[in-house]
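Here the structure is laid out as structure tokens; the discussion comes afterwards.
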Amino acid sequence: MKSRIIKKIQDFVKSYPTEQLTNTNWGVPIVGFASAKDPLFTQLSSVASPTHAHPIDFLAEAKTVVVFFLPFSKSLTRTNIKNHNSSEEWGVAYIETNEMIKQLSIHLQRFLQSHGHQTIIIPATHNWDEEKLISDWSHRHIAYVAGVGKFGLNNMLITDQGCCGRVGSFITSAEIKPDNRNDTPACLYKYDGSCMKCTDRCVNEALFAKVFDRFKCYEMCLENKKKHRSIGYADVCGKCLVAVPCSHANPAIKKKQALENKNIH
Ligand code: SF4
Ligand code: SF4
């Protein structure tokens, strides 16, 4: 079942731009699996939000949480490097990816239900507390539990294909072997205290090494939403994700491997 789900996700993402005529193209998704019994799920109420849900809050028979990371293309991230406001292409990608996550989740729900497994799908975004700006189902934290990536200083999930992309997840009663997590940080700052390029790139004094002001960050996202209102609801920014070492790679692993190679030779 695991390999069939991965293939279903990859095939869907590959054909979606042609079938739906989207402006956005996505790379090969990274897919991870977590056991609904993973003890980390109970800890999310202390690290993500006090009211963070447990998989069994959505589905009493939950056995597995499936997570997918949809990488953005380098050509898309290049559009968001210059200027104070996010690019229109970045906003369009956000809107199109939200819709794609919805359609992909429905596709997988139908597939799993046809095999007798209950499946609950969760919206890609805006499932949060409007005042505190925290989510009761943080797809990024869920992705961490499933071993899909690690958090960077920029608060994004850094996967083996970087942090430029979007995360979705769903819960199923199908029992599927969970993936392992490893302990090596993916962010260079967390690995050896270096980099901090994301803080330099922040356009609204929201991101610092020791402080993240989510309200200042969202203020910027709302400014972009207003600027790009003709394309739909795109409350995004993403300046701290682009033109940084973790945009499209796991830079700490690369650095670690380079050091190991140097020591061997
Ligand atoms: S830009 Fe550097 S410090 Fe910031 S999240 Fe990426 S690797 Fe970490
Ligand atoms: S998304 Fe924008 S405002 Fe928020 S931390 Fe990143 S650069 Fe700063």
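The values are calculated or read from the model by the stated rules, or taken from the named source; none is laboratory data. Note that this is a predicted model, so its numbers are computed, not measured. For neighbour counting, all protein chains shown are included, and Cβ atoms are generated from backbone atoms with ideal geometry for every residue, glycine included.
List of remarks:
- Residue check for Gly238: free of Cβ contacts under 8 Å to residues at least 24 places away in the same chain, on the phi > 0 side of the Ramachandran plot, of a type outside the set (A, V, I, L, M, F, W, C) and within 16 Å of ligand 1 (Cβ to nearest atom): no
- All positions within segment 80-108 that are farther than 21 Å from Ala206 by Cβ and surrounded by fewer than 18 Cβ atoms within 10 Å (Cβ to Cβ): Glu88, Glu99, Lys102, Gln103, Ile106, His107
- For segment 145-202, taking the residues that are in a loop (DSSP other than H, G, I, E, B), of a type in the set (Ser, Thr, Tyr) and within 16 Å of ligand 1 (Cβ to nearest atom), the one that is modelled with the lowest pLDDT is identified as Thr184.
- Any chance Phe72 is over 20 Å from Phe170 (Cβ atoms) and touching a strand residue (DSSP E or B) at 6+ places or on another chain (Cβ under 9 Å): yes
- Check on Cys195, without any contact (Cβ under 8 Å) to a residue 60 or more places away in the chain, surrounded by 14 or more Cβ atoms within 10 Å (Cβ to Cβ), more than 8 Å from ligand 2 (Cβ to nearest atom) and not acidic (Asp, Glu): yes
- Residue match in segment 200-211 (condition: crowded, with 17+ Cβ neighbours inside 10 Å, under 30 Å from Val65 (Cα atoms) and either in contact (Cβ under 8 Å) with a residue 24 or more places away in the chain or within 16 Å of ligand 2 (Cβ to nearest atom) (or both)): no
- Residue that is surrounded by the fewest Cβ atoms within 10 Å (Cβ to Cβ) [pool: residues in segment 6-23 that are β-branched (Val, Ile, Thr) and either within 15 Å of Gln109 (Cα to Cα) or touching a Leu at 6+ places or on another chain (Cβ under 7 Å) (or both)]: Ile6
- Subset tally (residues that are of a type in the set (A, V, I, L, M, F, W, C) and part of a loop (DSSP other than H, G, I, E, B)) for segment 203-231: 5
- Residue in segment 53-76 that is of a type in the set (S, T, N, Q), part of a helix (DSSP H, G or I) and at pLDDT 95 or above present: yes
- Per-region count, segment 1-30, residues under 21 Å from Lys177 (Cα atoms) and either assigned to a helix (DSSP H, G or I) or without any contact (Cβ under 8 Å) to a residue 40 or more places away in the chain (or both): 9
- Inside segment 149-170, residues that are aliphatic (A, V, I, L, M) and either within 11 Å of Pro71 (Cβ to Cβ) or over 16 Å from the mean Cα position of the chain (by Cα) (or both) make up a count of 1.
- Residues that are surrounded by 16 or more Cβ atoms within 10 Å (Cβ to Cβ) and of a type in the set (A, V, I, L, M, F, W, C) were ranked within segment 213-230; the one that is farthest from ligand 2 (Cβ to nearest atom) is Cys221.
- Just one of the numbered conditions (1) modelled with pLDDT under 95; (2) surrounded by 20 or more Cβ atoms within 10 Å (Cβ to Cβ); (3) closer than 22 Å to Met100 by Cα is not true of Ser3: (2).
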